[in-house]
Amino acid sequence: MSTQRVVVDPITRIEGHLRIEAMLDERGVIKDAMSTGTMWRGIEIILKGRDPRDAWAFTERICGVCTTVHALASVRCVENALGITVPENAEIIRNIMFLTQYVQDHVIHFYHLHALDWVDVVSALKADPAATAALAQAVSPSWPTASPGYFRDVATTLTKFVQSGQLGIFQNAYWGHPAYKLPPEANLMAVAHYLEALKWQKEIIKIHTIFGGKNPHPNYVVGGMPCSIDLNGDNCINIERLNYVKGLIEDATRIIEGLYLPDLFAVASFYTEWAGIGAGIGNYMAYGDVPQNGIGDVSKLRFPRGIVLGRNLSEVHPLDLSDASQITEEISHSWYSYPGGQQALHPFDGVTEPHYTGPKPPYEHLDENGQYSWLKAPRWKGNAMEVGPLARLLVGYAAGNTEIREVVNEALGRLKVPATALFSTLGRTAARGLESRLAVHWLMAEYEHLVANLKAGITGTADTSRWDPATWPAEAKGFGFTEAPRGSLGHWVHIQNGKIANYQAIVPSTWNASPKDAKGQHGAYEAALLGTPMADASKPVEILRTIHSFDPCLACASHVLGPDGRVLAEVTVR
């Protein structure tokens, strides 16, 4: 029997280097799927021969979205290689930068990258503003903008968009699809909150500009943070700037507690069947982050480190990033070549040698039995893994972390679903919101810790004792890790005679969007689509829901770089 294929290319709302091909059976259920990174990332080649102290500035530009986490992984990587321990204040400021990224990124994901998979914007035009106001006051009683007049104004603005035929930020969706379940009033409320969150998100990121000089691409330094602090000074971070940071964190707390989480639970209550769809491979990995006693003490990370296999929450397997046998990348279905064939390599031995064997673009279909992606296939002890908010919460939950267990159990109770509901598209979406709640409160705790240190006269933010390459060994290797909003991020460096001999980065979207490996194991995206029923193959909103629940961002995983300036591919967006 012939197989119907559904192609979504590009699938991401944030940048478009991801292609999904799904193969349906005669019932319209996905029986196989391919995740394809359609552009090549070559940052590793650019870094060879450069000063390792500059690596963070290059790797940070792998992505324009989660830029700070690449810098963080990179400086930790070089510090690990050179044996540098950063001052406590530097670690706290890095935590503040890190958690700020989480809060902003997760709100953007829910409202601007994922909500439109569940919210029918055109349906909102049918809403009664008074009924919408009543709903909003019930869902988010602490939120101030919930009057009939407010929602009438939003509906008027939205009507002008639709009547003009130019939906702008709301275009390219499947409005009217039978899979949309929200009533018109819930849709109008969600659209209004979409616009409010869009306005707010540019404010919270000012924390990066205060401690890192700018955003995107805030500044870091090997050995700490490049910001000077004097509570009474005029030309550095002073008490006025710190009070401003506190105000931004308080505003963020109101957004998370008063808008994001109420909207998340309200929308999720209409789509509880998605607690049984999109489970995926069932293996979860978290490197851990937000150190409380230096990055070397993994027992005191707010996000715990570990592995959960086969959805078994009664056991957490240890993860050792210094063990070269644990993490490898292979290329059996990737457009790369390795010197020794297709044997999987640890990142210290990683090779970035492109070898395209696919059809000449544009193409109708790719071959699932051959090489079909610019992403490699990373594996932990040979196992495909899922990373990201769900993985972090599951590892923390299984490890008995009190704070994580509390927010997860509360959410399960509110949605009236069992713990098994976590292993799903809905669980993945809910996990990001719950993680935001943790992150914004940890953000305030880190801020208060910093202020307490400063008041006690502890003001140092960098250790430059090993800045001079003359103090380095002739050869050194190191790894740096963090938990990017989208999942586990690792950088590995090999330094020889003061220069980078090799550099490799395995990013969250490489773990999740990876193609099959030599054993036929699907990556997380591919596995999560298997078994998904589709109402209308010509309008694949079901594929969008599951893939977007991972918050895909392929700039980190695949990036077009032509060393000779050649155009490798052209994509025309209409």
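Going by neighbour counts of Cβ atoms within 10 Å, the residues 335, 118 line up, fewest first, as 335, 118. Gain on full extension, evaluated as 0.36 nm per residue between residue 360 and residue 501 minus their Cα-Cα distance, stands at 47.4 nm.
Using the Cβ-Cβ distance between residue 467 and residue 234 with R0 set to 30 Å, the FRET efficiency works out to roughly 0.65.
A full extension of the chain between residue 535 and residue 142 corresponds to an added length of 137.7 nm, given 0.36 nm per residue minus the alpha carbon distance. Can you give the FRET efficiency for residue 157 and residue 128, using 1/(1 + (r/R0)^6), R0 = 22 Å, r = Cβ-Cβ distance, to the nearest 0.05? The value I calculate is 0.85. Expressed per residue, the C-alpha convex hull volume of the chain stands at 158 Å³. Exposure proxy ranking for 78, 162, based on other Cβ atoms within 10 angstrom of each Cβ and starting from the fewest, stands as 162, 78. Taking the Cα centre of the chain as reference, the dipole from Cβ charges on Lys and Arg (+1) and Asp and Glu (-1) amounts to some 400 debye.
The relative contact order of the chain, computed from alpha carbon pairs under 8 Å that lie at least 6 residues apart in sequence, is 26 percent. Express the C-alpha Rg of region 264-398 as a ratio against the empirical globular expectation 2.2 N^0.38 Å, rounded to two decimals. So region 264-398 has a normalised radius of gyration of 1.30. Sorting the segments 210-219, 386-395, 338-347 by their mean number of nearby beta carbons within 10 angstrom, highest to lowest, gives 386-395, 210-219, 338-347. Membrane-span-like helices of the chain, defined as complete DSSP H segments with a Cα extent of 18 Å or more along the helix axis and a mean Kyte hydropathy of at least -0.5, are identified as 67-82, 88-108, 148-164, 184-204, 239-255, 402-415, 425-455. Segment residue 405..residue 29, full-extension length gain: 131.9 nm, with 0.36 nm per residue of separation and the alpha-carbon distance subtracted.
Electrostatic tally near residue 228: other residues with Cβ closer than 13 Å to its Cβ, Lys and Arg +1, Asp and Glu -1, net -1.
In terms of other Cβ atoms within 10 Å, 13, 50, 311 run from fewest to most in the order 50, 311, 13.
Local charge for residue 520 was computed over the other residues whose Cβ lies under 13 Å away, with Lys and Arg +1 and Asp and Glu -1, and equals -2. Summary of packing: across the peptides 443-450, 367-374, the per-residue average of other C-beta atoms within 10 Å ranks them, highest first, as 443-450, 367-374. Between residue 206 and residue 458, the modelled label-to-label distance comes to 2.8 nm, taking each label 7 Å out from Cα in the direction of the beta carbon. Here residue 367 and residue 343 are evaluated by their C-beta separation; at R0 = 35 Å the FRET efficiency comes out at 0.95.
Taking θ as phi - 60° and the Karplus parameters 6.51, -1.76 and 1.60, the scalar couplings of region 472-488 work out to 8, x, 5, 9, 8, 10, x, 10, x, 10, 7, 10, 4, x, 8, x, 5 Hz in sequence order, x denoting glycine and proline. Calculated on C-alpha atoms, the gyration radius of region 350-439 divided by its Kirkwood radius gives an Rg/Rh of 1.17.
Ordering of 510-522, 64-76 by packing is 64-76, 510-522, highest average first (other Cβ atoms within 10 Å, averaged per residue). Using only alpha carbons, region 1-151 has a radius of gyration to Kirkwood radius ratio (Rg to Rh) of 1.12.
Readers should treat all values here as calculations from the given coordinates under stated rules, not as data from a laboratory. In this text the structure is predicted, and so the values were computed from the model without any measurement. Backbone-built Cβ (ideal geometry, glycine too); neighbour counts: all protein chains shown.
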